[in-house]
Amino acid sequence: MRRKIDQHLIRLVLQIRKKNPHYGVRQIAQVLRAEHSRSVSKSTVHTILKKRGPRLHRGRKKAAVRYARRTVQECGLFLLRGVDAHLELSREVAAQLHELAPKIPLTQLRKLVLACGFSAYEGGTIEMNSKKRGFLRMAGLARLPKRRTASLLALLERETARISLQTVGMNARAVAAIRVKCGNGRQVCCDARFSTLWPRPRALAYCVFPLGYVAQQVAWMRKNNFFFCFFALCRDYLADGIFDFFDALESGIESIEYLDPHSKPIGKFDCGGWKPRCAIGYFPKHVGRGISFLTKPGRFSRVEHVPGEVYAGWVSTRFQNRAGDTQRKAEVGFLRRRRIGLPLWGVICGRRSMPLLKAYVRRYPEFDQQFPAEERVFMEKAPDIVTENVFNLVPAALTLGRERDFRGIGEVLAAILKAEIGTVEVRMRSGEVIPYRHTYRVVMPSLPSTVRTRVNYAGFLVGNKRVFIE
């Protein structure tokens with residue numbers, strides 16, 4: 001005989017749900033069985049919550065729910081982790097230490113090296129700093145492996161290790177531009193920031209980045225089959241080279257070369273006829289004459305997990321050049337900050353693809369704030385500035401004998417971060433780190449707004465996830 005749901009059971013379920021909002025029906029049923037001696041099924045709990053409780057969201061719970069509200073005392077160290085992701089300093093150190101400590105797994109050893117580097121950079125021992133809230137999460141550790149940490153430090157005290165950083169120094173070489181070679185023989189150059197396209201490489205100090213960072217961005221685009229460029233230089237009409245580049249992409253990208261400030265190749269990425277989905281942004285007010293709309297804008301949907309509110313919608317357009325002898329059809333994704341209003345930004349795509357448009361927004365989340373500064377740099381016709389290797393900040397070797405010697409890791413990462421986005425003090429910066437499916441949201445109210453904009457535009461990747469600062 002089916003038992004009737006009494007009021008006492010309803011009150012218990014609602015109390016547990018209110019006390020633990022992240023609990024699912026399975027966990028609520030387990031609490032009822034363990035603490036209240038009430039054996040009920042998951043379907044019964046679901047029926048009660050559906051009729052009396054708050055709204056239930058289908059699917060898996062987000063992994064960030066439980067510790068999203070926890071304040072991390074050393075949240076600024078997450079920026080150093082983003083630098084290490086493309087510099088691969090901890091990976092190189094861990095690979096050479098693995099020969100001395102083969103019993104420690106290489107993946108865990110890399111995180112442990114990064115945690116020791118952060119701890120020595122902050123001051124104090126790893127055991128003391130691990131007690132700070134969220135400190136180990138900044139290095140990717142859930143808990144401190146005390147036995148393996150003690151054995152590693154004891155091993156280094158007995159036998160000093162000299163770590164060669166030659167590979168790290170190669171990743172820190174300065175890149176000013178990239179050259180894209182397509183299958184039809186056409187070549188297009190782009191700055192290291194992926195800001196705009198040029199017929200020839202230019203060496204502006206504003207656009208110089210380390211090789212590891214640029215290679216990481218290209219590898220991420222290759223993996224996701226995207227190719228992004230922030231904006232197109234235009235006045236009233238789009239340049240002919242924009243659509244020539246779209247035509248060249250149809251034949252495939254054969255290779256991408258990394259050029260130093262002297263326009264000499266220092267690296268190469270073989271693509272083998274890669275045909276990516278391309279997205280190039282533009283400022284709508286600058287293309288008022290050379291565009292006509294073929295359809296009305298569709299419904300605008302919100303782009304999640306980016307700073308602020310961004311709404312995206314599609315419209316079919318026709319562009320023409322300044323001479324008026326060439327017309328091209330294209331799908332344009334319009335972006336705006338409000339659900340209703342005029343678009344602030346346009347993204348030219350070969351075909352409609354909402355994942356492509358959302359990925360572009362996640363790559364350039366500060367599009368409306370960053371464009372004025374970018375335009376001044378590229379439109380003032382400033383002479384090319386040949387800079388020296390400003391990222392020559394990595395020592396030839398690192399000696400590890402005691403725990404405090406790991407401080408050199410944090411110092412190198414901090415120096416590279418300063419060269420990339422400017423002077424910023426990452427120590428003693430409290431905040432929150434919230435992971436999502438495609439992004440990390442870092443909330444640091446004490447960080448200056450100018451630094452937040454630079455970090456968001458730089459496009460740091462940690463574990464193939466974009467890092468946003470709010």
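Data for the structure
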item: Residues that are of a type in the set (S, T, N, Q) and more than 22 Å from residue 396 (Cα to Cα), drawn from region 93-121; result: 107, 108, 119
item: Qualifying residues in region 171-228 (those that are at pLDDT 85 or above and among the charged types (D, E, K, R)) - the one farthest from residue 354 (Cα to Cα); result: 173
item: Criterion: in the same structural domain as residue 402 (by TED's automatic domain parsing), farther than 19 Å from residue 408 by Cα and surrounded by fewer than 17 Cβ atoms within 10 Å (Cβ to Cβ) - qualifying residue of 137, 162, 147; result: 147
item: Scan of region 85-100 for residues that are part of a loop (DSSP other than H, G, I, E, B) and over 19 Å from residue 464 (Cβ atoms), ordered by number; result: 98, 99, 100
item: Residues of region 320-359 that turn out to be more than 16 Å from residue 301 (Cβ to Cβ) and either acidic (Asp, Glu) or not assigned by TED's automatic domain parsing to the domain that holds residue 372 (or both), as a count; result: 1
item: Candidates 468, 406, filtered to the one that is modelled with pLDDT of 85 or more and among the aromatic types (Phe, Trp, Tyr); result: 406
item: Subset of region 263-318 [over 22 Å from the mean Cα position of the chain (by Cα), hydrophobic (A, V, I, L, M, F, W, C) and not in a loop (DSSP other than H, G, I, E, B)]; result: 266, 271, 274, 291, 293, 314, 315
item: Residues of region 427-459 satisfying the condition of being under 25 Å from residue 171 (Cβ atoms) and over 18 Å from the mean Cα position of the chain (by Cα); result: 427
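The rows are residues; the columns are (1) crowded, with 20+ Cβ neighbours inside 10 Å; (2) in the same structural domain as residue 465 (by TED's automatic domain parsing); (3) in contact with a strand residue (DSSP E or B) (Cβ under 8 Å, 6 or more places away or on another chain).
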site	(1), (2), (3)
261	yes, no, yes
269	no, no, yes
276	no, no, yes
285	no, no, no
297	no, no, yes
304	no, no, no
313	no, no, yes
318	no, no, yes
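The values are calculated or read from the model by the stated rules, or taken from the named source; none is laboratory data. Quick caveat: nothing in here was measured; it's all calculated off a predicted structure. No Cβ is skipped: glycine too gets one built from the backbone with ideal geometry, and neighbour counts run over all protein chains shown.
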